[in-house]
Amino acid sequence: MVIIHPGSTKTLDTSLLMVESNTDIRDPSEIEYEVTSPPSEGTIIVNGIEASSFTQEDLIKGVVSYQHNKQGLKSKDAFSFTVQSKGVSDHGTFRIKIFKQGYLSEPEVIINKLIISYEGENAVINKDHLRVEQADILPSEMMYTIKQPPRLGHVVKVTNGSTLDYIHSFSQEEINNDQIFFMPMPTPGGDSFTVDITNRFVTLEDIQVAVDIVPGQVPFHGLNFTVREGSGVALTQDLLNITHSFYSSANIDFVVEEAPQHGAIRYMDGDEDDLTTFTWDEVKSGLIYYLHDSSETSEDCFTLLASAFEIGRTSEPVTIGITVLPVNDEPPRLTHNTGLEVLSGEDAEITEHMLSTEDADTPPEELVYSIETPSNGIVAFRVSPGDSIQNFTQAQINNGDVVFTHKGSQLGGFAFTVTDGEHTSPLYRFLVTARRITISMETEEELMLFPGTRQPITGDILKAVTSEGGDEITYAVLRAPRFGRLISPNHKKQFKEVSRFSQSELDSGSIFYEHQMPEEPFWVVMDSVELLLSSGPAQAMEHTLPVNVSFLAENRNGSSQLWRNTGLDIVRDQRKVIDSSRLDASNLLASIAESEQAFMDVMFEVKQFPAHGRLVLGDLDLPKESPYFLQEDLDNGDLEYLQRYSDASSDSFTFRVYLKPKVRGPQVQSPAAVVLEETFNISIRRRDYSPPELVSVDLLLEVLQGSAVVLTQEYLNTIDQDNTPAEIIFTVTKGPANGLLVDTESKDQIEKFTQEDINAGRVTFISDGSLADGFMEFTVSDGRHRTESHTLHIGILARALLLAKAEEIHVRQGDDETLITESMLKATTGGPNEEEVIYKITNIPEYAAVMVDRQPTSAFSQKQIREGRVSVRFVKSTSPRDTVAIVARSRAANISTILNVTVTPLVNLPYDPLLPQGATVLVDTKLLDASLLANKTNAVPTFHVVSQPKSAQFLKIGGAADGQPVMSFTQRDVEEGHVALQVPGDKVEEEEVKFILRAHGVPPAEGTLSFRTVPYDPSMTYGAKILKVPSSGSVVDRKDTAGRQSPPRTTPPGSRQRGNLGWSEGANPTTTHPDFGSHRKPVVSMQRNLWAILIPILAILLLLFLAAAVAYYLVRRNKTGKHNVQTTSPKPKNGEVKQETFRKTDPANNIPMSNVDSKEPDPELLQHCRTTNPALKKNQYWV
């Protein structure tokens, strides 16, 4: 690369362009350069002629040059070439830097205007807001670097047409192209950001760009107001207000969206035209009025819209309410007085259609009725109908608050007057007429039902009505039925006995009579229910509902008309007795008079014999020619069914049954007797010689700690084809160790029970209250076979959970997530076997989120915590803490708690450093260091002091605010030494400063800087650099400090919230900052000992020796020859070059082709920015 001035020519020789090759090249003319892409801002001249090719020999002779075009504006140029020799070639690019004169001058800020950013919208930063220009400098070369970012937004750049990227630098060209935007946060207010502007040589520092974030809509607020009837009110700034200074100074027009209904908005000068628009200036001048039209109205309103047309902003429509104060000049006028008809003894509302008064200028709330005592009842308010009143308003009538309660005669009323406060009406009378209510039976039938069933009592059987449409009729049971009960189903379809019901329940079929079978047989029984009917004020009446329970009644469920006909269950090729427990027709005897029953027998006549077996009576087959047997034979167990071997699964026989006189002779039925014909069903089971099979669905019984559970077929159930449930016997061989097995009714401990006991719920397990799991071993037998031992496991569910949690879960600032461990949160049952615990989040955290496998969740388990899969992270960077409400649940228990999540600062803090009382110390990275947070966020962290000792304060060092107290500062301020701490001068030895550490993209964190203070002693070592020593009153005499020890620690480590990384107590020696104000006293050591005298003397002697050695060397060197050596110029400011210098170069110091495309800084370019002269090589001199 080469640097030239605009319009100049530069010779290109081998010091700038040269090729190296291992090819045997003996003549430089054999190396040829071909320009493939010519320079855009100049030309290549060879031997004074523009050319596109040259040789290495031309470069050696110095006949190749680059001539810049003076009219070119760019600061860079280049040409590409191909070099070849003897069939070998390579490509390269030669770069040229045009050093413009404008680089040496400062850029000029042409425009730096306030940027208006509307809330919720991105504001473009264009050249009308910010423009910096400089002669000969292109806008693309003028770069802005954001030094202090804005607090209430971000500076972004539009790329690819729509993508917004956060940036830290941008160019004037991007501003001119409307690519730079200010993205505001949803917080209005003033803001700014600081930039450094550079043309790459000269820099303008700390240029502040102001931003004002204003509401996106015009903040227009209107207040309701009050006006007297017929008058007007000025619409001033107190009623119509623009609350933001940006808009209040703009040209605002008010548009009347909805005009008032009972008035007008006009100028006060008497103009009769209603205004549709007016200006903000007219409002401030008090020229706009609302005028009421004198109508008898109590309110009005109008709607306005504020508009700033010049900037295209409007407000939301605002409706302003107007309360009109009426003028009372009209008397009340009675419009309705119809009287009232009321049911005897009832309450009735006095409505506005019965009694109403109007007043044009008085609201109903102020029209007051005054009444005399009613003659047949009382007037009261609905909320207290028993308390008589003498006054009420028309508004209370309109609202339905006034009622009349009838008492006494049928005809009566009350006298009244009405007043509006100024006018009173004449005396009027309000008539009240009462009507009586009676109850009568509309339907009164007999209820008939089959024995042992339930029958609905519907409105077709029992129904009553009232003479007036009043309250619903209610039935109360005065005497319950003797042979049954009245029942009704609930919402679970379960029936319960009732003693009170309504007519609507009867009409819907919800009331049933349920017959309860007696122990003795019967044929017909009569029952009844005595009821008391009532309905509001109506007189109650009694009614008796007759109930007929008969075997002759309609049988809807197909039950047998006999007392018993249950059928028979038998195993194939067996015999079984048919006794009265399976077949009993003794209820037929109850169909005749009790005096005749002793002379009658119940006779069974078999009409169809069983097909797969025989009926045996008294060890003999029942003959088909005389197929009769008596109820007495069944009572004695003389009738048997003998099944002969067949594959049939069922059998039956059909019979007739009737009453027969007890006389010998043919079996002839009584002519008047009842004859029934039915079938006796027989179920035949296949004989199975296999043992019973246990088919329980679940062999784990779960019991709540300390409770009882009935064993069901779900846990113990068997299948045995040739045995009944009563024949299957369970024998407990080893009882449970965590409870007892008892009989459900007697609570006695049992060791044997049947499958029928299980089916009937007669076996219960009672837990002993412990959490230990147990088991029960048992065998199953059918009398012939016994199974091997089985086990029923019994698990105990804990009744309560034990919760252990940390007071706070700390999330380190900047960390993506923090694992929740069992040391932070653990719920257990406290028993030997832990249950799985599920946590449910019951609130929505505002700033943090709980995650499972890095995904947000609303529930997690203790197992996931144990596996390290549950974590917490902050998803919003606005608060240092949050709370998460959770409920922990096990199988049978739950417990609620709250997790506190707190951000800890990522900052290095010393461990209680020792500071001198009354001194001012430098706050550097030894006291506060958030560099790790800065590296992690690529932003500058800020410290905000929230509390500090009463007499301590942070101070600004340097600049216009030097020595001024500060409550916030940045990590950059700390690193550059711009912050100091004034240590308290009192005797408190333990101090702390609380602060909030903020950085972009991470949540804020609260931290504490703790330190100890002692009186100042020059001989002691402190934990910070001292900038100002205390006054003499705070200095400790050396004699008094002999044997003095550091103050004892009273706060254990970790008791305060500190940074994440702790340092030990500082050990830097006490020093004084040299730049901390010329008016401050220097540190004067009070130690007077031998070393304090010897050390300065030795240092001076050492300096004299070094000076002599240097002088001797220079004298020896000057004797070798004198040269005109150029003296070094002082360090240029901002890249300014005072004098152009050249140096002799070694011809052998060639530039290889491999370095042509190198991106390293050009040595010639760095020459203009060099602050010190380079070292001279042998045979090189300054000229």
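Filter the stretch 515-533 for residues that are in contact (Cβ under 8 Å) with a residue 12 or more places away in the chain and open to solvent by 30 Å² or more (accessible area, probe 1.4 Å); which is farthest from Asn587 (Cα to Cα)?
The selected residue is Leu532.
Within the stretch 706-732, can you find the residues that are more than 19 Å from Thr787 (Cα to Cα), in a loop (DSSP other than H, G, I, E, B), at pLDDT 90 or above and in contact with a strand residue (DSSP E or B) (Cβ under 7 Å, 6 or more places away or on another chain)?
Ser707, Leu711, listed by residue number.
Considering only the stretch 595-603, I want to know if a residue exists there that is open to solvent by 60 Å² or more (accessible area, probe 1.4 Å), acidic (Asp, Glu) and either touching a helix residue (DSSP H, G or I) at 6+ places or on another chain (Cβ under 9 Å) or at negative phi (or both).
Among the residues of the stretch 595-603, at least one is open to solvent by 60 Å² or more (accessible area, probe 1.4 Å), acidic (Asp, Glu) and either touching a helix residue (DSSP H, G or I) at 6+ places or on another chain (Cβ under 9 Å) or at negative phi (or both), which makes the answer yes.
Open to solvent by 70 Å² or more (accessible area, probe 1.4 Å), farther than 27 Å from Asp359 by Cα and not charged (D, E, K, R): does that describe Ser245? Give the steps one after another, and end with the answer.
On the way: open to solvent by 70 Å² or more (accessible area, probe 1.4 Å): yes; farther than 27 Å from Asp359 by Cα: yes; not charged (D, E, K, R): yes.
Yes, satisfied.
I'm told Val255 meets every condition in (1) modelled with pLDDT of 90 or more; (2) more than 22 Å from Phe220 (Cα to Cα); (3) among the hydrophobic types (A, V, I, L, M, F, W, C) except one. Can you identify the failing condition by its number?
Of the numbered conditions (1) modelled with pLDDT of 90 or more; (2) more than 22 Å from Phe220 (Cα to Cα); (3) among the hydrophobic types (A, V, I, L, M, F, W, C), the odd one out for Val255 is (2).
Out of all the residues in the stretch 733-764, which are open to solvent by less than 40 Å² (accessible area, probe 1.4 Å), part of a strand (DSSP E or B) and either within 13 Å of Leu694 (Cα to Cα) or among the polar types (S, T, N, Q) (or both)?
Hits for the stretch 733-764 are Thr754, Thr764.
Counting just the residues of the stretch 772-804 that are outside any strand (DSSP E or B) and more than 43 Å from the chain's Cα centre (by Cα), which one comes out farthest from Thr829 (Cα to Cα)? Spell out how you get there, then give the answer.
Going through the stretch 772-804, the residues outside any strand (DSSP E or B) turn out to be 772-773, 782-785, 787-789, 798-801.
Filter once more, so that each one left must be more than 43 Å from the chain's Cα centre (by Cα): 782-785, 787-789.
Details: Asp782: 42, Gly783: 44, Arg784: 46, His785: 43, Thr787: 37, Glu788: 35, Ser789: 32 Å.
My answer is Arg784.
Filter the stretch 982-1002 for residues that are in a strand (DSSP E or B) and out of contact with any Pro (no Cβ under 6 Å at 6 or more places or on another chain) and give the result.
Here is the first cut: in the stretch 982-1002, the ones in a strand (DSSP E or B) are 982, 990-999, 1002.
Gln982, Glu990, Glu992, Val993, Lys994, Phe995, Val1002 - these are the residues of the stretch 982-1002 that are in a strand (DSSP E or B) and out of contact with any Pro (no Cβ under 6 Å at 6 or more places or on another chain).
Can you confirm whether Glu807 is in contact with a strand residue (DSSP E or B) (Cβ under 7 Å, 6 or more places away or on another chain) and part of a loop (DSSP other than H, G, I, E, B)?
Numbers: in contact with a strand residue (DSSP E or B) (Cβ under 7 Å, 6 or more places away or on another chain): yes; part of a loop (DSSP other than H, G, I, E, B): yes.
Yes, satisfied.
Find the residue count for the stretch 281-302, including only residues that are open to solvent by 10 Å² or more (accessible area, probe 1.4 Å) and not in a loop (DSSP other than H, G, I, E, B).
Step one: filter the stretch 281-302 for residues open to solvent by 10 Å² or more (accessible area, probe 1.4 Å), giving 281-282, 284-287, 289, 291-301.
Subset that is not in a loop (DSSP other than H, G, I, E, B): 281-282, 284, 289, 291-292, 299-301.
Counting residues in the stretch 281-302 that are open to solvent by 10 Å² or more (accessible area, probe 1.4 Å) and not in a loop (DSSP other than H, G, I, E, B) gives 9.
If you go through the stretch 702-723, how many residues are open to solvent by less than 40 Å² (accessible area, probe 1.4 Å), more than 22 Å from Arg891 (Cα to Cα) and polar (S, T, N, Q)?
3
With the condition being open to solvent by less than 30 Å² (accessible area, probe 1.4 Å), I'd like the strands (runs of 3 or more DSSP E) fully within the stretch 109-208 carrying at least 1 qualifying residues. Working first, answer last.
Working: elements: 115-118, 130-133, 143-148, 153-159, 163-166, 169-171, 180-184, 189-198.
Strands (runs of 3 or more DSSP E) meeting the threshold: 115-118, 130-133, 143-148, 153-159, 169-171, 180-184, 189-198.
Just checking, does the stretch 42-63 include any residue being within 60 Å of the chain's Cα centre (by Cα), of a type outside the set (Ser, Thr, Tyr) and open to solvent by less than 80 Å² (accessible area, probe 1.4 Å)?
Quick first cut of the stretch 42-63, residues within 60 Å of the chain's Cα centre (by Cα) only: none.
So far as the stretch 42-63 goes, no, none of its residues is within 60 Å of the chain's Cα centre (by Cα), of a type outside the set (Ser, Thr, Tyr) and open to solvent by less than 80 Å² (accessible area, probe 1.4 Å).
Do any strands (runs of 3 or more DSSP E) entirely within the stretch 5-63 hold 1 or more residues that are more than 17 Å from Ser85 (Cβ to Cβ) and modelled with pLDDT under 85, and if so, which? Lay out the reasoning, then the answer.
On the way: elements: 9-11, 32-37, 42-46, 53-55.
In the stretch 5-63, the matching strands (runs of 3 or more DSSP E) lie at 9-11.
Name every residue in the stretch 358-404 that is in a strand (DSSP E or B), in contact with a helix residue (DSSP H, G or I) (Cβ under 6 Å, 6 or more places away or on another chain) and open to solvent by less than 10 Å² (accessible area, probe 1.4 Å), in order of residue number.
So the first thing to find is which residues in the stretch 358-404 are in a strand (DSSP E or B), and the list is 358, 368-371, 377-381, 384-388, 391-393, 402-404.
From what's left, in contact with a helix residue (DSSP H, G or I) (Cβ under 6 Å, 6 or more places away or on another chain): 393, 402.
Within the stretch 358-404, just Val402 meets the criteria.
When both residues are 6+ apart or on different chains and their Cβ atoms are under 8 Å apart, which pairs have a first residue that lies in the stretch 864-888 and is closer than 15 Å to Met851 by Cβ, and a second that is of a type outside the set (Lys, Arg) and assigned to a helix (DSSP H, G or I)?
These pairs meet every condition: Val870/Gln864.
If you scan the stretch 820-846, which residues turn out to be farther than 30 Å from Asn738 by Cβ and either polar (S, T, N, Q) or open to solvent by less than 60 Å² (accessible area, probe 1.4 Å) (or both)?
Within the stretch 820-846, Ile820, Thr821, Ser823, Met824, Ile841, Thr842, Asn843, Pro845 meet the criteria.
Quick one: is Thr351 in a loop (DSSP other than H, G, I, E, B), surrounded by 19 or more Cβ atoms within 10 Å (Cβ to Cβ) and either within 59 Å of the chain's Cα centre (by Cα) or at positive phi (or both)?
Details: in a loop (DSSP other than H, G, I, E, B): yes; surrounded by 19 or more Cβ atoms within 10 Å (Cβ to Cβ): no; either within 59 Å of the chain's Cα centre (by Cα) or at positive phi (or both): yes.
Answer is no for this residue.
Residue check: is Phe629 in a strand (DSSP E or B), free of Cβ contacts under 8 Å to residues at least 40 places away in the same chain and open to solvent by less than 20 Å² (accessible area, probe 1.4 Å)? Steps first, answer last, please.
Working: in a strand (DSSP E or B): yes; free of Cβ contacts under 8 Å to residues at least 40 places away in the same chain: yes; open to solvent by less than 20 Å² (accessible area, probe 1.4 Å): yes.
Taking the combined requirement at face value, the residue satisfies it.
Checking Val218 against (1) of a type in the set (A, V, I, L, M, F, W, C); (2) under 14 Å from Val109 (Cα atoms); (3) touching a strand residue (DSSP E or B) at 6+ places or on another chain (Cβ under 6 Å), which test does it fail?
Condition (2) is where Val218 drops out.
Against the condition of a type outside the set (S, T, N, Q), more than 30 Å from Phe404 (Cβ to Cβ), in a loop (DSSP other than H, G, I, E, B) and out of contact with any strand residue (DSSP E or B) (no Cβ under 6 Å at 6 or more places or on another chain), how does Asp269 come out, does it pass? Even if it seems obvious, please write down each step before you answer.
Details: of a type outside the set (S, T, N, Q): yes; more than 30 Å from Phe404 (Cβ to Cβ): yes; in a loop (DSSP other than H, G, I, E, B): yes; out of contact with any strand residue (DSSP E or B) (no Cβ under 6 Å at 6 or more places or on another chain): yes.
When the stated conditions are applied, Asp269 passes them.
Of all residues being free of Cβ contacts under 8 Å to residues at least 24 places away in the same chain and under 20 Å from Ser294 (Cα atoms) in the stretch 248-273, which is surrounded by the most Cβ atoms within 10 Å (Cβ to Cβ)? Just the residue, please. Give the steps one after another, and end with the answer.
If we filter the stretch 248-273 for residues that are free of Cβ contacts under 8 Å to residues at least 24 places away in the same chain, which is where we start, we get 249, 267, 269-273.
Imposing the further condition that a residue be under 20 Å from Ser294 (Cα atoms) reduces the set to 267, 269-273.
Working: Tyr267: 14, Asp269: 7, Gly270: 6, Asp271: 9, Glu272: 7, Asp273: 8.
The extreme case among them is Tyr267.
Contact list please: Cβ distance under 7 Å, first residue in the stretch 911-922 and touching a residue at least 60 places away in the same chain (Cβ under 8 Å) and under 16 Å from Gly977 (Cβ atoms), second residue part of a loop (DSSP other than H, G, I, E, B) and among the small types (Gly, Ala, Ser), pairs at least six apart or on different chains.
Val921/Ala1024; Leu922/Gly977; Leu922/Ala1024
Considering only residues of the stretch 311-330 that are modelled with pLDDT of 85 or more and not β-branched (Val, Ile, Thr), which is most open to solvent (accessible area, probe 1.4 Å)? Let's see the steps before the verdict.
First, pick out the residues of the stretch 311-330 that are modelled with pLDDT of 85 or more: 311-325.
The next check asks that each one be not β-branched (Val, Ile, Thr); those that pass are 312-313, 315-317, 321, 325.
Working: Gly312: 61, Arg313: 36, Ser315: 8, Glu316: 104, Pro317: 79, Gly321: 21, Leu325: 75 Å².
Ranking the qualifying residues of the stretch 311-330, first place goes to Glu316.
Taking the conditions exactly as written (part of a loop (DSSP other than H, G, I, E, B), touching a residue at least 60 places away in the same chain (Cβ under 8 Å) and under 30 Å from Ile684 (Cβ atoms)), does Asp569 satisfy them or not?
Numbers: part of a loop (DSSP other than H, G, I, E, B): no; touching a residue at least 60 places away in the same chain (Cβ under 8 Å): yes; under 30 Å from Ile684 (Cβ atoms): yes.
Here the answer is no, as Asp569 does not meet what is asked.
Give all pairs with beta carbons closer than 6 Å in which a residue from the stretch 274-295 that is touching a residue at least 40 places away in the same chain (Cβ under 8 Å) meets a residue that is of a type in the set (Phe, Trp, Tyr) and open to solvent by less than 70 Å² (accessible area, probe 1.4 Å); count only pairs at least 6 apart in sequence or on separate chains.
Correct list of pairs: Ile288/Phe278.
If I ask for residues that are more than 11 Å from Glu505 (Cα to Cα), outside any loop (DSSP other than H, G, I, E, B) and open to solvent by less than 50 Å² (accessible area, probe 1.4 Å), which ones from the stretch 463-483 would you list?
Once the filter is applied, which keeps residues that are more than 11 Å from Glu505 (Cα to Cα), outside any loop (DSSP other than H, G, I, E, B) and open to solvent by less than 50 Å² (accessible area, probe 1.4 Å), the stretch 463-483 yields Ala464, Val465, Thr466, Ala476, Val477.
The values are calculated or read from the model by the stated rules, or taken from the named source; none is laboratory data. The model shown is predicted, which means the values in this text are computed figures rather than measured ones. With ideal geometry, Cβ positions are generated from the backbone for all residues, glycine too; neighbour counts draw on all protein chains shown. Note: areas computed on protein heavy atoms with side chains; ligands, DNA, RNA excluded. Shrake-Rupley method; radii C 1.70, N 1.55, O 1.52, S 1.80 Å.
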